[in-house]
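This report concerns only the one structure given below.
The values are calculated or read from the model by the stated rules, or taken from the named source; none is laboratory data. Keep in mind the model is a prediction, meaning the values are calculated, not measured. Methodologically, a virtual Cβ is constructed for each residue, glycine included, from the backbone with ideal geometry; neighbour enumeration extends over all protein chains shown. Quick note on the areas: whole protein, heavy atoms, side chains included, nothing else; ligands and nucleic acids left out. Shrake-Rupley method; radii C 1.70, N 1.55, O 1.52, S 1.80 Å.
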Amino acid sequence: MKIPRELVNGLIIVIGIGIYFLIMELLGLADIYLLRVFNVLFIFYGTNRTLKSNFLEGKKGLATNGISALSTALIGVFLSVIALVVYSYIKGGTDYIGTLSKTFLFGGEPSIMTYSISLLFEGFSSAVIVTFILMLVWDTRYKSDKHSVKV
């Protein structure tokens, strides 16, 4: 049984984000919001891998690739948030969440679930934006293949 590329690339996103945040935590940089924004690069990477694989297999349908790309990004984001919830409970629960950036979406003292749900919404938004951007990039490649002039 072959594992779907969307799941494989979603797992690559999770692993990339996980390693990135662990390194940030080890360096004492986990509370710097601007550094945390770079996790979107891992979403770009995994989603682009899916589109590249589809392209190499000859799958050039806009809708098919859009669904495949969005699935990859959403899987990566969803599994990353689950990993954060598990890691937060391992590290001390709500006390650990309190050590993360205070400037993130809300003030006060959020619970693990409140923090995670907010991350989930932010991640889903990022996934949609990344998918649209990459579909525009790959769509130009599809068009150039269809209308190429042979010399």
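If you scan the range 111-130, which residues turn out to be farther than 14 Å from Leu79 by Cα and open to solvent by less than 10 Å² (accessible area, probe 1.4 Å)?
Ile112, Tyr115, Val130, listed by residue number.
The conditions are (1) modelled with pLDDT of 90 or more; (2) open to solvent by less than 50 Å² (accessible area, probe 1.4 Å); (3) aliphatic (A, V, I, L, M), and Ala30 fails exactly one of them. Which is it?
That leaves (1) as the condition not met.
Scan the range 94-110 and tell me whether some residue there is closer than 23 Å to Pro4 by Cα and surrounded by 15 or more Cβ atoms within 10 Å (Cβ to Cβ).
The answer is no; no qualifying residue exists.
Do we find that Glu25 is of a type in the set (Asp, Glu), open to solvent by less than 80 Å² (accessible area, probe 1.4 Å) and touching a helix residue (DSSP H, G or I) at 6+ places or on another chain (Cβ under 7 Å) in this structure? Reasoning before the result, please.
Values: of a type in the set (Asp, Glu): yes; open to solvent by less than 80 Å² (accessible area, probe 1.4 Å): yes; touching a helix residue (DSSP H, G or I) at 6+ places or on another chain (Cβ under 7 Å): no.
It is false that Glu25 is of a type in the set (Asp, Glu), open to solvent by less than 80 Å² (accessible area, probe 1.4 Å) and touching a helix residue (DSSP H, G or I) at 6+ places or on another chain (Cβ under 7 Å).
Of everything in the range 52-82, what is out of contact with any helix residue (DSSP H, G or I) (no Cβ under 7 Å at 6 or more places or on another chain) and over 21 Å from Leu41 (Cβ atoms)? Give them in sequence order.
Leu56, Glu57, Gly58, Gly61, Ala63, Thr64, Ile67
Within the range 34-54, identify whether any single residue is open to solvent by less than 80 Å² (accessible area, probe 1.4 Å), at pLDDT below 85 and touching a Leu at 6+ places or on another chain (Cβ under 6 Å), and answer yes or no.
yes
Being open to solvent by 20 Å² or more (accessible area, probe 1.4 Å), in contact (Cβ under 8 Å) with a residue 12 or more places away in the chain and not charged (D, E, K, R) is the filter here; which residues of the range 55-65 pass it? Spell out how you get there, then give the answer.
Of the residues in the range 55-65, the ones open to solvent by 20 Å² or more (accessible area, probe 1.4 Å) are 55-64.
Checking which are in contact (Cβ under 8 Å) with a residue 12 or more places away in the chain leaves us with 55, 60, 62.
If the condition is that a residue be open to solvent by 20 Å² or more (accessible area, probe 1.4 Å), in contact (Cβ under 8 Å) with a residue 12 or more places away in the chain and not charged (D, E, K, R), then Phe55, Leu62 are the ones that fit.
Just wondering, is there one or more residues in the range 32-44 that are of a type outside the set (A, V, I, L, M, F, W, C) and in contact with an Asp or Glu (Cβ under 9 Å, 6 or more places away or on another chain)?
Within the range 32-44 (the criterion being of a type outside the set (A, V, I, L, M, F, W, C) and in contact with an Asp or Glu (Cβ under 9 Å, 6 or more places away or on another chain)), the answer is no, since none of the residues qualifies.
Mind checking whether some residue in the range 103-111 is at pLDDT 75 or above, closer than 23 Å to Ile32 by Cβ and out of contact with any Gly (no Cβ under 7 Å at 6 or more places or on another chain)?
Scanning the range 103-111, I find at least one residue that is at pLDDT 75 or above, closer than 23 Å to Ile32 by Cβ and out of contact with any Gly (no Cβ under 7 Å at 6 or more places or on another chain), so the answer is yes.
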